[in-house]
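Inspection log for the structure reproduced underneath, given as structure tokens.
The values are calculated or read from the model by the stated rules, or taken from the named source; none is laboratory data. Fair warning: this is a prediction, and the values are worked out from it, not measured in the lab. FYI the Cβ positions are ideal-geometry reconstructions off the backbone, even for glycines, and counts take in every protein chain you see.
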Amino acid sequence: MTDYKKILILFFALAFLLSGCMSYTTLQSPKTLKPGKVILGGGMALPISNKEVQFYPELNTRIGLFNHFDIGAKYSTPSLIFLDGKYQIIENPFYLSADLGWSYFSYSGGIGKSEGTFTGWYPMIIVGQDHWYAAVKEVYFAMQGEVDIWGLYKYSSSGWISTNVTVGGIIGKNVRLLPELNFIIPNNGKVLFVPAVGLQFAL
């Protein structure tokens, strides 16, 4: 078994020991990885709500499976596991990809006063070039329970809960920095502004 497969298996094994929450960040290029290529990294999301800033560190990885198709996974606090697959549709004059993400979490109390089990789906269109990207992501929650996100909006039934808009930059190649701005636009409540930054390493 090759090293990158061992790394990916270990990452998924650790991640599935943990439960999840909403995914705030994108932190990826619209350009898919070549088959067998791997990126490992970390990041930090900083949701700003009512002039209060919180910190959510994350670990992430991506691996190229086929031409124009890669998959990713991440774990971020307080307890999020997120998986996604991305297909690159256009290469010139810019990159355009379609992505579908999935998350699951189940807990009682804690941050956000949420209780129950929640599955999230995240269809996304992401566009850009080598040094920038922008994305529009819809968020659907299937839930049994109630989720309160920063006291800004509360959900107790399944449905489309928000549109997320992202703009970001990519600085570097084999080691790259990704500054990012996210705007979470709920179907009820106030907009949540989430700056983020990622640091990634190409293997």
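Within the span defined as region 59-69, one or more residues are under 17 Å from the mean Cα position of the chain (by Cα) and at pLDDT below 95.
For region 17-35, a residue qualifies if it is at pLDDT below 55, surrounded by fewer than 23 Cβ atoms within 10 Å (Cβ to Cβ) and in contact with a strand residue (DSSP E or B) (Cβ under 7 Å, 6 or more places away or on another chain), and the qualifying residues are 18, 19.
In region 47-58, the qualifying residues are those that are closer than 21 Å to residue 104 by Cα and either exposed (fewer than 15 other Cβ atoms within 10 Å of the Cβ) or of a type in the set (A, V, I, L, M) (or both), and the one that is modelled with the highest pLDDT is 57. Considering only residues that are in contact with a Phe, Trp or Tyr (Cβ under 7 Å, 6 or more places away or on another chain), closer than 21 Å to residue 121 by Cβ, surrounded by 17 or more Cβ atoms within 10 Å (Cβ to Cβ) and free of Cβ contacts under 8 Å to residues at least 60 places away in the same chain, which ones fall in region 64-82? Within region 64-82, 74, 76 meet the criteria. When 107, 140, 122, 133 are checked against the criterion of being modelled with pLDDT under 95, part of a strand (DSSP E or B) and closer than 24 Å to residue 195 by Cα, a single residue qualifies: 140. Annotation: residue 164 fulfils all but one of (1) in contact with a strand residue (DSSP E or B) (Cβ under 6 Å, 6 or more places away or on another chain); (2) free of Cβ contacts under 8 Å to residues at least 12 places away in the same chain; the unmet one is (2).
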